[in-house]
Amino acid sequence: MLDDGTLRAEGAAAARMKDHRLMTVAGVEHARVPLRVDSVWPVRRKS
């Protein structure tokens, strides 16, 4: 996670096709998510 709350994911893959050609893909994705800790980890409140 970056300092501004952005998630960054990098990926790459390669595969050999049936006709022996090589296929490759690569990419970088970014996503901004709201940071709400209470929605991920429930907090027990004292009553």
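The values are calculated or read from the model by the stated rules, or taken from the named source; none is laboratory data. Keep in mind the model is a prediction, meaning the values are calculated, not measured. Reconstructed Cβ throughout: ideal geometry from the backbone, glycine too, with neighbour counts over all protein chains shown.
For this structure, a couple of remarks:
- Number of residues in region 1-28 that are of a type in the set (Lys, Arg) and surrounded by 10 or more Cβ atoms within 10 Å (Cβ to Cβ): the value is 1.
- Against the list (1) in a loop (DSSP other than H, G, I, E, B); (2) hydrophobic (A, V, I, L, M, F, W, C); (3) at pLDDT 95 or above, the condition Ala15 fails is (1).
- The set of residues in region 1-33 that are of a type in the set (Gly, Ala, Ser) and touching a residue at least 24 places away in the same chain (Cβ under 8 Å) comprises Gly5, Ala31.
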